[in-house]
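The values are calculated or read from the model by the stated rules, or taken from the named source; none is laboratory data. It should be emphasised that the depicted structure is a prediction, and the values quoted were computed from it without experimental measurement. So basically every Cβ, Gly included, is an ideal-geometry build from the backbone, and we count neighbours across all protein chains shown.
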Amino acid sequence: MQRMFMRRTGLALLLMLAASALTFALVSAAPGNVAALIAERAAGAGADGEMIAKIANDLGLNDPLPVRYLRWLGDAMTGDFGISLRTGKPMAEEFAERIPKTLALLAGGGVLALLLSLVMGLAGAVSNGGLVDKLLHALALIGASTPNFFVAAMLVIVFSVMLGWVPTFGVSGFSSWLLPWITIALFPGSVLARVVRVNLQEAMSRPFATTGFAKGLTRRAVLLREALPNILIPYMTTFGAQFTLMMIGAIVVERVFGLNGIGAFFIEAIRFRDFIGMQAVLMLFVVFFVSVNLLVDIAAMLADPRLRRPRRA
Amino acid sequence: MKNWPWLILTPALIFVLIGVFAPLLMTHNPSTQDYSAVLAPSSWSNWLGTDYLGRDMYSRIIGGARTSLVAMVFVLVAALVIGVVIGSFAGYVGGRTELVLISVIDIALALPSLIIALALIGVFSGEAWSWMSDYWKMILALTLAWWANYARMSRAVVMAELQQPYIEAARVMGASHMWIFTRHILPHVLGLVVVYASADAGALVLAIATLSFLGLGVAPPTPEWGQMLVDGMSYIEEYPSLVIIPGLALTAVVISFNLLGEAFALQKVPRAVRGGLLRRKKAARAVEEAARAQTEAKV
Amino acid sequence: MNVPIYAVENLVIDLYTPTVSVRAVDGASFHVLAGETVAIVGESGSGKTVMTLGPLGLMPEGVAVDLHGTAKADGRDILRLSPPELSALRGGFFGVIFQDPMSALNPMLKIGPQLARQAQLYAGLSAEAARREAVSLLARSGIPDPEDRYDRYPHELSGGMLQRAMIALALAARPRVLIADEPTTALDATVQAQILALIRQIQKEDGIAVVLITHDIGAVSVLADRVIVLYAGQIAEEGTAIDVLTAPLHPYTRGLLASVPDFRSNTASGNREIPGIPPNQAQLMPGCRFADRCDLVQVSCHIHRPRLQTVGLQTVASGEVPHRVACPVVLAAEGIATYD
């Protein structure tokens, strides 16, 4: 077991390195870009080729790519992610300001998606082919098909414009998080609701469910005590995948609701050719996604008693 | 109701047909601005009203269908071809080449597709790429972000098929590698991949719309639903229809492709269309999991 | 006078799936007394599982079930009970052992706590006492080192151990009737004998009634006091084990017993199979269902449905047990009138 952990973790670290190297190569391949942009900032339109060349030299931008990558990596290890070409602030500062907001968004969304999926999936399983089950299936399909920016827009129309319960844009207290959380949780919640429902159905058709009935449990009890533990692993795996996809939702939601998290920064970096910012955020993303996948893999291994306690002869 | 399995295909089919015949279905030129009839409600001349520049909403929706369809087809076909070629090659050749290719595939799968697409669009904003239009940057970015999944799938199928006894038999009879691959293995790969792609199409349409919504995809005046939506956001309080109409169109298209995917998964699509795809899909998945379990057991 | 602890009368069970409907059990009656073992014998698809587990509501999900007749347990007709009432009875009155313990036990749950929970709910024990009871049940079922096994998961035990654990689980709620559905089919030959011995021992000690569903004649001869032979949803023959096994009347029973391989016989004829296959119960013809495969078949066999009639009586400790057969040809040979 331990060996498997080490191996997975090792592979994950390797993956992080490789992915970050690749992104660095792609983003920073043309040194002229960064130098030109810095020159623009400093001297406005008056930046000329000579100035750009000098800046490039000073910053070591003409060194071979691997050298620049290692230098950048070394800096990153000490917390220096460069200075944003767009805002002029150190990336570390941008991170400190923005990451908590995105994390709050993801955390709230994750919890909401968890609750939504369990409620919908279980309710459907209890109904078992009845009206509620069919209705929830349709709802899950719609939830998994509606673009999140449309959901955001609709929620704003209903709850802000028509009902006025919740502020439209910007962050101002707890209530302003509600619409963003609901928006970001709808897609994963719907996908996971189907995972719960389908897996519960499958579990209920397995022999141990009949044993559960033979024990004298009611159908509800069999669902909760016997079937539910058996969906844990497929659920966790899908949850992990959906959690990483939520980052994309976060990007959109941050933009729609005017939250200045890391997602919004990423989009602005792309639009304004802030290569340094892009590189820093991509590194962050790589670490985030690979770590989440690793954690989910490990959790899934731990959750399976067959792996946790291998069969002794 | 015996024909109802084919009904599942219909909504997706409608989308394709609208996209193909778009110019014939439009009532106006979707880019023509008419300042005299700005933000007009629906009427006999403008069935769905006009937007903030006086452009006919109905024609823009039809035009958007075509934009999405064309872009989606480009990306899907390209990603499919690249993915199948690389993945099949890796699975068939094996050895160190396979290892290298798998590493590339795994790295490409480390990030979600849309994030990769966004990053690539960021890369393409550099000087070296300024010759490419925004539209083609988006297509290229999405293609490079999308191929890896198909590569992994193809490799799994190839590996599963290589276990089959008739492969060994064919080789003994002196068949060339190309022959074996094209005749025996490729059909299985394509079977699985096409099934997956038909459901994936919906996700791709969504991705295109999301990119356009973020201002990084299709640029105006080309009609595109995501872009129409972001334009409409400014008028959301008084003229919500600018947002609702493209939103509903998008949702409808994605639902139809998701239904298609679910129908394939539940084997409701008639045999003629499906063939033996599902069995192979299950076999491929089973083999992949078995291989994974084996490697775990070795550790 | 012994009152049956579980008595089923005129049971008719129809099964419905989206594609087909089947009358799985067609007018069967049986009972079991405290302390006795009744074996229900038949081939796969004969309806023996449906007949026994159907009234308890233990049919797999996805199959719609229609039950007619009466099934009396603990003085009540369980077919008329509401689902929660039936659930309670299932736990406390009936204990069930299933065929494949590896799949019948939940892979995600530890074994011991399940037993303890049954003891707590149905035997009214405290949590602490229930745990001790669970451990002692495991020990009684022949599981070595029960304290350790209490916290184990099913995949950590061998097939034989698991079946013992399942027996312990069934007994934890102190049932009056133990239903064993093919308890030895999935086990190795040596383990089979041990499990059967265990069941017999438990029955002797606790005086519970045992219903053994099986197609294994060997198990029948070891455990059963009485035997019921089921064919295509109808009872073909019933009586004491000695009667049915040594003097079988129904052509099907005779064929069944003859097809059991006997390594001691030197005959060069080998095993004799019953020709043909069981009927498709979704499309049944009138008359005797065994007619197509029967070596005694007559024209009237295809027209009239045979009824169970008594041929002889055996006196045992619990009373008199009739030997009954549903075959007019055999009955005629015995000099017994069949149709009115």
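All but one of (1) farther than 21 Å from B:Val189 by Cβ; (2) surrounded by fewer than 18 Cβ atoms within 10 Å (Cβ to Cβ); (3) in contact with a Gly (Cβ under 8 Å, 6 or more places away or on another chain) hold for B:Ser130; which doesn't?
In the conditions (1) farther than 21 Å from B:Val189 by Cβ; (2) surrounded by fewer than 18 Cβ atoms within 10 Å (Cβ to Cβ); (3) in contact with a Gly (Cβ under 8 Å, 6 or more places away or on another chain), B:Ser130 misses (3) alone.
I'd like to know if the stretch A:116-125 contains one or more residues that are at the interface with another protein chain (Cβ under 8 Å from one of its Cβ atoms) and either on the phi < 0 side of the Ramachandran plot or not in a helix (DSSP H, G or I) (or both).
At the first step, the residues of the stretch A:116-125 found to be at the interface with another protein chain (Cβ under 8 Å from one of its Cβ atoms) are none.
Looking for residues that are at the interface with another protein chain (Cβ under 8 Å from one of its Cβ atoms) and either on the phi < 0 side of the Ramachandran plot or not in a helix (DSSP H, G or I) (or both), one finds none in the stretch A:116-125, hence no.
Identify the residue in the stretch C:294-307 that is part of a helix (DSSP H, G or I) and in contact with a helix residue (DSSP H, G or I) (Cβ under 8 Å, 6 or more places away or on another chain) and, among all such residues, is farthest from C:Asp14 (Cα to Cα). Spell out the reasoning first.
First pass over the stretch C:294-307, keeping only residues part of a helix (DSSP H, G or I): C:299-302.
Narrowing the set further to residues that are in contact with a helix residue (DSSP H, G or I) (Cβ under 8 Å, 6 or more places away or on another chain) leaves C:300-302.
Values: C:Ser300: 27, C:Cys301: 24, C:His302: 23 Å.
Residue satisfying both the conditions and the ranking: C:Ser300.
For the stretch B:237-259, give me each residue that is closer than 23 Å to B:Pro30 by Cβ, in contact (Cβ under 8 Å) with a residue 12 or more places away in the chain and either within 15 Å of the chain's Cα centre (by Cα) or facing chain A (nearest Cβ under 7 Å) (or both).
Scanning the stretch B:237-259 gives B:Val243, B:Gly247, B:Leu250, B:Val253, B:Val254, B:Ser256.
Restricting to the stretch C:297-329, and then to whatever is of a type in the set (Lys, Arg) and under 23 Å from the mean Cα position of the chain (by Cα), can you tell me which residue is farthest from C:Asp225 (Cα to Cα)? It would help to see each step written out before you state the result.
Applying the first criterion (of a type in the set (Lys, Arg)) to the stretch C:297-329 yields C:305, C:307, C:324.
From what's left, under 23 Å from the mean Cα position of the chain (by Cα): C:307, C:324.
Working: C:Arg307: 23, C:Arg324: 15 Å.
Ranking the qualifying residues of the stretch C:297-329, first place goes to C:Arg307.
From the list A:Leu103, A:Leu85, A:Leu139, A:Leu112, exactly one residue is part of a helix (DSSP H, G or I) and surrounded by 18 or more Cβ atoms within 10 Å (Cβ to Cβ). Which is it? Working first, answer last.
Working: A:Leu103 fails: surrounded by 18 or more Cβ atoms within 10 Å (Cβ to Cβ); A:Leu85 fails: part of a helix (DSSP H, G or I); A:Leu139 fails: surrounded by 18 or more Cβ atoms within 10 Å (Cβ to Cβ).
Within the list A:Leu103, A:Leu85, A:Leu139, A:Leu112, the selection yields A:Leu112.
Report, by residue number, each residue of the stretch A:235-247 that is in contact (Cβ under 8 Å) with a residue 60 or more places away in the chain, within 11 Å of another protein chain (Cβ to nearest Cβ) and of a type in the set (A, V, I, L, M).
If the condition is that a residue be in contact (Cβ under 8 Å) with a residue 60 or more places away in the chain, within 11 Å of another protein chain (Cβ to nearest Cβ) and of a type in the set (A, V, I, L, M), then A:Met246, A:Met247 are the ones that fit.
Which of the numbered conditions does B:Ile102 fail, given that it passes all the others? Conditions: (1) away from chain A (no Cβ under 14 Å); (2) free of Cβ contacts under 8 Å to residues at least 60 places away in the same chain.
(1)
Would you be able to tell me the number of residues in the stretch A:210-229 that are at the interface with chain C (Cβ under 7 Å from one of its Cβ atoms), buried (at least 20 other Cβ atoms within 10 Å of the Cβ) and part of a helix (DSSP H, G or I)?
Of the residues in the stretch A:210-229, the ones at the interface with chain C (Cβ under 7 Å from one of its Cβ atoms) are A:210-211, A:213-218, A:226, A:229.
Okay, now just the ones that are also buried (at least 20 other Cβ atoms within 10 Å of the Cβ), so A:210-211, A:213-217, A:226.
With the extra rule that they be part of a helix (DSSP H, G or I), the set shrinks to A:210-211, A:213-214, A:226.
Matching residues across the stretch A:210-229 total 5.
Taking the criterion of being in contact with a Pro (Cβ under 6 Å, 6 or more places away or on another chain) and either at pLDDT 90 or above or not in a loop (DSSP other than H, G, I, E, B) (or both), would at least one residue in the stretch A:170-180 satisfy it?
Yes; the residues of the stretch A:170-180 include at least one that is in contact with a Pro (Cβ under 6 Å, 6 or more places away or on another chain) and either at pLDDT 90 or above or not in a loop (DSSP other than H, G, I, E, B) (or both).
Output yes when any residue across the stretch B:160-178 is among the hydroxyl-bearing types (Ser, Thr, Tyr) and touching a residue at least 40 places away in the same chain (Cβ under 8 Å), and no when none is. Please lay out each step first, then the result.
Our first condition is that a residue be among the hydroxyl-bearing types (Ser, Thr, Tyr); within the stretch B:160-178, this holds for B:166, B:176.
Next, only the ones that are touching a residue at least 40 places away in the same chain (Cβ under 8 Å) stay: none.
Within the stretch B:160-178, not a single residue is among the hydroxyl-bearing types (Ser, Thr, Tyr) and touching a residue at least 40 places away in the same chain (Cβ under 8 Å).
Can you work out which of the residues in the stretch B:37-78 that are under 22 Å from the mean Cα position of the chain (by Cα) and among the hydroxyl-bearing types (Ser, Thr, Tyr) is surrounded by the most Cβ atoms within 10 Å (Cβ to Cβ)? Lay out the reasoning, then the answer.
The first filter runs over the stretch B:37-78 and keeps only residues under 22 Å from the mean Cα position of the chain (by Cα), leaving B:60-78.
Retained after the next criterion (residues that are among the hydroxyl-bearing types (Ser, Thr, Tyr)): B:67-68.
On the way: B:Thr67: 25, B:Ser68: 27.
This residue is B:Ser68.
Can you tell which of B:Leu120, B:Leu111 is within 9 Å of chain A (Cβ to nearest Cβ), part of a helix (DSSP H, G or I) and buried (at least 23 other Cβ atoms within 10 Å of the Cβ)?
On the way: B:Leu111 fails: part of a helix (DSSP H, G or I).
The conditions single out B:Leu120.
Could you go through the stretch A:80-102 and let me know if any residue there is closer than 30 Å to B:Asp200 by Cβ and modelled with pLDDT of 85 or more.
To start, the set of residues in the stretch A:80-102 that are closer than 30 Å to B:Asp200 by Cβ comprises A:102.
Now narrow it down to the ones that are modelled with pLDDT of 85 or more: A:102.
Yes: one or more hits.
Just for strands (runs of 3 or more DSSP E) wholly inside the stretch C:180-288: which have at least 3 residues that are of a type in the set (Ser, Thr, Tyr) and either closer than 30 Å to C:Ala165 by Cβ or modelled with pLDDT under 85 (or both)?
Details: elements: C:209-214, C:226-231, C:234-240.
No strands (runs of 3 or more DSSP E) qualify here.
When only residues in the stretch A:293-304 that are within 16 Å of B:Ala110 (Cα to Cα) and either surrounded by 17 or more Cβ atoms within 10 Å (Cβ to Cβ) or modelled with pLDDT under 90 (or both) count, which is farthest from the other protein chains (Cβ to nearest Cβ)? Explain how you work it out, then say what you get.
Narrowing the stretch A:293-304 to residues within 16 Å of B:Ala110 (Cα to Cα): A:293-297.
Pick out the ones that are also either surrounded by 17 or more Cβ atoms within 10 Å (Cβ to Cβ) or modelled with pLDDT under 90 (or both) and you get A:293-294, A:296-297.
Values: A:Asn293: 8, A:Leu294: 11, A:Val296: 14, A:Asp297: 10 Å.
Here the answer is A:Val296.
I need every pair where a residue in the stretch A:3-25 that is among the hydroxyl-bearing types (Ser, Thr, Tyr) has its Cβ under 6 Å from the Cβ of a residue that is in a helix (DSSP H, G or I), sequence separation at least 6 or different chains.
Close Cβ pairs (under 6 Å, with a partner that is in a helix (DSSP H, G or I)) amount to A:Ser20/A:Met283; A:Ser20/A:Val286; A:Thr23/A:Leu282.
Can you give me the ranges of the helices (runs of 4 or more DSSP H) entirely in the stretch C:99-176 with at least 3 residues that are away from chain A (no Cβ under 11 Å) and either of a type outside the set (Val, Ile, Thr) or closer than 22 Å to C:Thr214 by Cα (or both)? Break it down stepwise before answering.
On the way: elements: C:101-104, C:111-122, C:127-140, C:146-150, C:159-172.
Counting at least 3 such residues, we get C:111-122, C:127-140, C:146-150, C:159-172.
Restricting to the stretch C:78-99, give me the number of residues that are touching a strand residue (DSSP E or B) at 6+ places or on another chain (Cβ under 9 Å) and either exposed (fewer than 14 other Cβ atoms within 10 Å of the Cβ) or touching a residue at least 60 places away in the same chain (Cβ under 8 Å) (or both). It would help to see each step written out before you state the result.
As a first pass, look at the stretch C:78-99 and keep what is touching a strand residue (DSSP E or B) at 6+ places or on another chain (Cβ under 9 Å): C:78-80, C:85, C:89-90, C:93-99.
Subset that is either exposed (fewer than 14 other Cβ atoms within 10 Å of the Cβ) or touching a residue at least 60 places away in the same chain (Cβ under 8 Å) (or both): C:80, C:85, C:93-99.
Final tally of qualifying residues: 9.
Could you look through the stretch A:267-291, keep only residues that are buried (at least 18 other Cβ atoms within 10 Å of the Cβ) and more than 19 Å from A:Ala29 (Cβ to Cβ), and pick out the one that is farthest from the chain's Cα centre (by Cα)? Outline the logic, then answer.
Step one: filter the stretch A:267-291 for residues buried (at least 18 other Cβ atoms within 10 Å of the Cβ), giving A:267, A:269-270, A:273-286, A:288-290.
Among the residues that remain, those that are also more than 19 Å from A:Ala29 (Cβ to Cβ) are: A:267, A:284, A:288-290.
On the way: A:Ile267: 15, A:Leu284: 11, A:Phe288: 8, A:Phe289: 7, A:Val290: 11 Å.
Looking at the filtered set, the residue picked out is A:Ile267.
From A:Ala144, A:Ala113, which residue is touching a helix residue (DSSP H, G or I) at 6+ places or on another chain (Cβ under 7 Å), modelled with pLDDT of 95 or more, closer than 26 Å to A:Tyr235 by Cα and of a type in the set (Gly, Ala, Ser)? Reasoning before the result, please.
Values: A:Ala144 fails: modelled with pLDDT of 95 or more.
Going through A:Ala144, A:Ala113 in turn, the sole match is A:Ala113.
Somewhere in the stretch C:26-46, is a residue modelled with pLDDT under 90, of a type in the set (D, E, K, R), surrounded by fewer than 18 Cβ atoms within 10 Å (Cβ to Cβ) and touching a Ser or Thr at 6+ places or on another chain (Cβ under 6 Å)?
no
Would you be able to say whether some residue in the stretch A:197-206 is assigned to a helix (DSSP H, G or I) and in contact with a Gly (Cβ under 7 Å, 6 or more places away or on another chain)?
Step one: of the stretch A:197-206, the residues assigned to a helix (DSSP H, G or I) are A:197-204.
After this cut, where a residue has to be in contact with a Gly (Cβ under 7 Å, 6 or more places away or on another chain) as well, the list is A:197, A:200.
Yes; the residues of the stretch A:197-206 include at least one that is assigned to a helix (DSSP H, G or I) and in contact with a Gly (Cβ under 7 Å, 6 or more places away or on another chain).
Can you find, within the stretch B:221-268, the residue that is nearest to B:Ile62 (Cα to Cα) among those that are of a type in the set (Phe, Trp, Tyr) and not in a loop (DSSP other than H, G, I, E, B)? Reasoning before the result, please.
Start the filter on the stretch B:221-268 by keeping residues that are of a type in the set (Phe, Trp, Tyr), which leaves B:225, B:235, B:239, B:257, B:264.
Narrowing the set further to residues that are not in a loop (DSSP other than H, G, I, E, B) leaves B:225, B:235, B:257, B:264.
Values: B:Trp225: 10, B:Tyr235: 21, B:Phe257: 18, B:Phe264: 28 Å.
Checked the stretch B:221-268; the qualifying residue nearest to B:Ile62 (Cα to Cα) is B:Trp225.
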